[in-house]
Amino acid sequence: MSGSYAGDIDVSEAWRLLNEDTRSILIDVRTQAEWNFVGLPDIETTGRPLLTEEWQVFPGGALNASFAEDVAAKLRSAGIADGAPVLCLCRSGQRSASAAAALTAQGFSACFNVAGGFEGGLDANGHRGTTGGWKAAGLPWRQG
């Protein structure tokens, strides 16, 4: 799956990178509604920035056609070098894989998909946030 970006990493590796690599950045590509109602990664203690930019626009779900160009411009204006670890996160790891590929095409060579995402996959009861992802791993998060 990682043919067009640097690869998939799990949430624990993402947390390690954010804590150990001062060049790293986390980009949450979910929707405004998800940030507000489901929560956001709380990475303040890492000293690393959290960038939020919708990959798909809420409520219709249309692709944010300017995502890659907008995020690339924000990264460059923030001084994020092209070789810095760029970690893309969504709900379960699907949208963020596409976002990582799009940012790679913009010249960022170390874009990673945070597999498992913020909420992970569905559990036996059809719920998210219990069997995988950022929240289930016990990593810091806050209500949007």
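The values are calculated or read from the model by the stated rules, or taken from the named source; none is laboratory data. None of these values were measured; they are calculated from a predicted model. Ideal geometry is used to build each Cβ from the backbone, glycine not excepted, and the neighbour counts take in all protein chains shown.
For the stretch 1-23, what are the residues that are among the β-branched types (Val, Ile, Thr) and surrounded by 16 or more Cβ atoms within 10 Å (Cβ to Cβ)?
Of everything in the stretch 1-23, those that are among the β-branched types (Val, Ile, Thr) and surrounded by 16 or more Cβ atoms within 10 Å (Cβ to Cβ) turn out to be Ile9, Val11.
Name the residue that is farthest from the chain's Cα centre (by Cα), counting only residues in the stretch 70-88 that are in a helix (DSSP H, G or I) and not small (Gly, Ala, Ser).
Within the stretch 70-88, the match that is farthest from the chain's Cα centre (by Cα) is Arg76.
I'd like the full set of residues that are in contact with a Pro (Cβ under 9 Å, 6 or more places away or on another chain) and within 24 Å of Asp10 (Cβ to Cβ), limited to the stretch 66-102.
Those that are in contact with a Pro (Cβ under 9 Å, 6 or more places away or on another chain) and within 24 Å of Asp10 (Cβ to Cβ): Ile80, Leu89.
Condition check ((1) crowded, with 18+ Cβ neighbours inside 10 Å; (2) in contact with a Leu (Cβ under 9 Å, 6 or more places away or on another chain)) across all residues:
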site	(1), (2)
Arg48	yes, yes
Trp55	yes, yes
Pro59	no, no
Gly93	yes, no
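Residue under question is Arg91, and the condition is that it be touching a residue at least 12 places away in the same chain (Cβ under 8 Å), touching a helix residue (DSSP H, G or I) at 6+ places or on another chain (Cβ under 8 Å) and either in a helix (DSSP H, G or I) or among the basic types (Lys, Arg) (or both); does it hold?
yes
Given the options Glu13, Glu34, Glu54, name the one that is assigned to a loop (DSSP other than H, G, I, E, B), among the acidic types (Asp, Glu) and either modelled with pLDDT under 95 or within 15 Å of the chain's Cα centre (by Cα) (or both).
After applying the criteria, what remains is Glu54.
Being among the hydrophobic types (A, V, I, L, M, F, W, C), part of a helix (DSSP H, G or I) and either surrounded by 22 or more Cβ atoms within 10 Å (Cβ to Cβ) or touching a residue at least 40 places away in the same chain (Cβ under 8 Å) (or both): is that true of Leu26 here?
no
Do we find a residue being in contact with a strand residue (DSSP E or B) (Cβ under 7 Å, 6 or more places away or on another chain), over 17 Å from Ala110 (Cβ atoms) and surrounded by 17 or more Cβ atoms within 10 Å (Cβ to Cβ) anywhere in the stretch 78-86?
no
Considering only the stretch 31-41, I want to know if a residue exists there that is closer than 23 Å to Gly120 by Cα, surrounded by fewer than 17 Cβ atoms within 10 Å (Cβ to Cβ) and touching a helix residue (DSSP H, G or I) at 6+ places or on another chain (Cβ under 9 Å).
Among the residues of the stretch 31-41, not one is closer than 23 Å to Gly120 by Cα, surrounded by fewer than 17 Cβ atoms within 10 Å (Cβ to Cβ) and touching a helix residue (DSSP H, G or I) at 6+ places or on another chain (Cβ under 9 Å), which makes the answer no.
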